[in-house]
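Participant: The structure is given below, and queries will be raised subsequently.
Rule-based calculations on the coordinates, nothing more; no lab input. Bear in mind the structure is a predicted one, so any value in this text is a computation, not a measurement. No Cβ is skipped: glycine too gets one built from the backbone with ideal geometry, and neighbour counts run over all protein chains shown.
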Amino acid sequence: QVSTDKKIYDHNSEVKVSGTVANLRADSPVTITVVGPQNNVVRAEQIEVSADNTFETTFSTAGDLFRANGDYTVRVQYGPQQINDKVVIQLVGEAPEKASACGVGEIAVKGGGQVYCVPYEANGAVVTSATASSATKSLTLKIATESDGAISVKIPREVLDAMGDNGQDQDFVVTVDDQEADFTETDTTDSQRTLEIQFSQGDSQIEIIGTKAVPEFGTMAAIILAVAIVSIVAITARTRLSISPRY
């Protein structure tokens, strides 16, 4: 019998595989094969069975062989009679274009022309993407759920913050699928604020709204944009002068 610690993962997760065998056979390892959505083998290994008839291993979903979204089948074979079992997991979200600088348990948040690695823990879901917006002063998390659960997000103040005119912290506003939701601020430091948010199975989006967020354009990008706008205005004015009728 084989199982995994979760059913849904993103493309930068550690999958924990564990199981038991009914009858322990000496010098007989368990063969674990992972088959991808295109019916291609993406991983294979052999591990020893412990004296208590259990086995356990982990593998990462990062890498080119796990870039496709969809169902992955973890198959286990044991013994000369090839006794087997299987479990299906699902990979969701955006596969990084190249090796991600963010580690396991971190989500890459795009904003200000940069990528920020924001730590999070989720029970019952994985975060598939995250974006900070200065226009809405918010951090939006796209999630894929497998059950009711909760997510704890450590938000860097440079990414999103909520402060009053007096410079004191004030509460964020949190919505789940566009409905205002309850949350708990479990920790606050000079550099980050940690929120715990409940969600239900089937929910797909969490939005955390503050009073300031990292701009979509970095400083250099903003300067380039400003120069481009000035150049366009100057060229337009010059063109109008050149085509003005002369009397």
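Participant: Residue-wise, which Karplus ³J(HN,Hα) couplings in Hz belong to the stretch 33-45, taking 6.51 cos²θ - 1.76 cosθ + 1.60, θ = phi - 60°, and x for glycine or proline?
Facilitator: The phi angles translate into 10, 10, 10, x, x, 8, 6, 9, 6, 9, 6, 8, 7 Hz.
Participant: Same structure again: Take the Cα coordinates of the stretch 2-91, assign each an equal point scatterer, and use the Debye formula without solvent to give log10 I(q)/I(0) at q = 0.14, 0.20, 0.24 Å⁻¹.
Facilitator: -0.47, -0.89, -1.19
Participant: Follow-up. For V42, which sequence-distant residues (separation of 5 or more, or a different chain) have an amide H within less than 5 Å of its own amide H, given hydrogens modelled in the peptide plane?
Facilitator: V34, V35, G36
Participant: In a shell of Cβ-Cβ distance under 13 Å around D178, excluding D178 itself, what net charge do Lys and Arg (+1) and Asp and Glu (-1) give? Please list the in-between numbers first.
Facilitator: Numbers: positive: none; negative: D177, E180, D203, E207.
Residues close to D178 contribute a combined charge of -4.
Participant: Past 23 Å, Cα to Cα, is the threshold; run K7/K86; K7/K137; K16/K110 against it and keep the listed order.
Facilitator: On the way: K7/K86 13 Å; K7/K137 33 Å; K16/K110 29 Å.
Correct reply: K7/K137; K16/K110.
Participant: Now, a different point. By the scheme Lys and Arg +1, Asp and Glu -1, what is the net charge of all other residues having a beta-carbon under 14 Å from that of I83? If you can, show how the numbers build up before the last one.
Facilitator: Numbers: positive: R25, R75, K86; negative: D85.
That works out to +2.
Participant: Hey, another quick one. Under a 5 Å amide H to amide H cut-off, with H placed in plane at 1.01 Å, what residues pair with A181 once short-range neighbours are removed?
Facilitator: Amide H to amide H, under 5 Å and 5 or more residues apart or across chains, A181 pairs with V174, T175, V176.
Participant: Quick one: check the C-alpha center-to-center distance for the stretch 1-75 versus the stretch 93-163, whole angstrom.
Facilitator: With the stretch 1-75 and the stretch 93-163 each reduced to a Cα centre, they are spaced 27 Å.
Participant: Below 13 angstrom from the Cβ of F66, what's the summed charge of the other residues (Lys, Arg +1; Asp, Glu -1)? Please report the intermediate quantities before stating the final value.
Facilitator: Values: positive: R43, R67; negative: D10, E14, D64, D71, E94.
Once all neighbours under 13 Å are counted, the net charge is -3.
Participant: What list do you get for R193, R25 if you sort them by fewest beta carbons within 10 Å? Don't skip to the end; give the middle numbers.
Facilitator: Working: R193 21, R25 13.
With the fewest neighbours first, R193, R25 line up as R25, R193.
Participant: To one decimal place, what orientation-averaged projected area in nm² is obtained for the convex hull of the Cα set of the stretch 72-153?
Facilitator: Working: hull surface 30.8 nm².
Taking the Cα atoms of the stretch 72-153, their convex hull projects to 7.7 nm² on average.
Participant: For K154, K86, which order do you get if you count the other beta carbons within 10 Å of each Cβ and list the fewest first? Please list the in-between numbers first.
Facilitator: Details: K154 17, K86 12.
With the sparsest Cβ surroundings first, the list reads K86, K154.
Participant: Rank the residues D182, D71 as a footprinting-exposure proxy: fewest other Cβ atoms within 10 Å of their Cβ go first. Could the numbers behind the result be given before it?
Facilitator: Values: D182 9, D71 12.
Final ranking by Cβ density, sparse to dense: D182, D71.
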